[in-house]
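The values are calculated or read from the model by the stated rules, or taken from the named source; none is laboratory data. What you see is a predicted model, and the numbers here were worked out from it, not measured in a lab. Because the Cβ atoms are built from the backbone with ideal geometry, glycine has one as well, and the counts that use them run over all protein chains shown.
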Amino acid sequence: MINGDFMDIKIICDFRDKLIRNLEKVILGKTEALNLVIMGLICRGHLLIDDVPGVGKTMLAKSLAISLGSGFHRIQFTPDMLPSDITGVSIYNQASKKIEFRPGPIIAEIILADEINRATPKTQSALLEAMEERQVTVDGITHPLPKTFIVIGTQNPIEYEGTFPLPEAQLDRFLMKIKIGYPSPSYEIKILESQQFRHPIEELKTAVSKKELIKVQESVKEIYVSDALKKYLVKIIKATRENEDIYLGASPRGSLGLYRVGQVYAALNGRDYIIPDDIKEIAVPVLAHRIVIQPGARIKNLSPEQVIQEILMQVPVDD
């Protein structure tokens, strides 16, 4: 073993397996997407689910909260929403003759920011401090958020009318962008059968404790990352900044994202060290939403995901 304790690796894998089994009682046939969600959770990272309506985005967030025994708030974003509708307000209590803080829905452990791109940029910006610093400031007073706080944002990639694209600063705060996708025909039949009499989420129970989650979040930090691997990771990030098809490359926050998710991916594959293939496997969900491609690349129908894949093929793995 290079570093860490084998039992810690087993604890991390067992945690994932228990959570996956529980989530799959509601979300059928989407193990890959669930794995990404759990990796983001272990990294304490926020997740953006970019997919069409009806594929289970809301159910996934609710199921995750129930499985963890965590507090859950859903915020339905609309164009007329104000920042105070998210963060909360300070009001004067005539009975106590004191100013009291009435917390907004952002004060919870798992937040579903539903259709986040329907809010105006001013309202979207209310999430920036919460997502980065895990606190909200109202009237000059800072209110800390729970230790297990994460935001799961959703948006519809097809419908653009009445939406406001997320600014790069906000996109960069999402650790990964995930797609769920349509179920296969066989799983769609199972979905029909499972919901014939009631929705399976009604019977879902807590699968892991918050104490277990925090232990796993701390254990994964021990995963070893060699100097050569760090150089390889940084070369990928540098390539996004120099690629002719990219107008804006990945930030240092993208480097940190690759590093952290790489540690979790290695642990979930039974290793206490990262290899280059780990980085290749998770680079697209971690980096694709952080880059802005050139207009010319759009004309060539190149997507950010395709550009990242090309970079991975071009950047050599060496010492």
Out of curiosity, is residue 180 in the same structural domain as residue 72 (by TED's automatic domain parsing), surrounded by 16 or more Cβ atoms within 10 Å (Cβ to Cβ) and in a loop (DSSP other than H, G, I, E, B)? yes
Check 171, 127, 166, 175 and return the single one that is at pLDDT 95 or above and either within 30 Å of residue 272 (Cβ to Cβ) or surrounded by 13 or more Cβ atoms within 10 Å (Cβ to Cβ) (or both). 175
Single match in 90, 70 (criterion: within 20 Å of residue 49 (Cβ to Cβ), assigned by TED's automatic domain parsing to the domain that holds residue 51 and among the small types (Gly, Ala, Ser)): 70
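Just need a number here: residues in the stretch 118-176 that are of a type in the set (Phe, Trp, Tyr) and farther than 22 Å from residue 288 by Cα.
Count: 1.
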With the structure loaded, tell me whether residue 233 is more than 30 Å from residue 24 (Cα to Cα) and either in contact with a Pro (Cβ under 8 Å, 6 or more places away or on another chain) or buried (at least 19 other Cβ atoms within 10 Å of the Cβ) (or both) or whether it fails that test. yes
When (1) under 17 Å from residue 177 (Cβ atoms); (2) surrounded by fewer than 21 Cβ atoms within 10 Å (Cβ to Cβ) are applied to residue 240, the one that fails is (2)
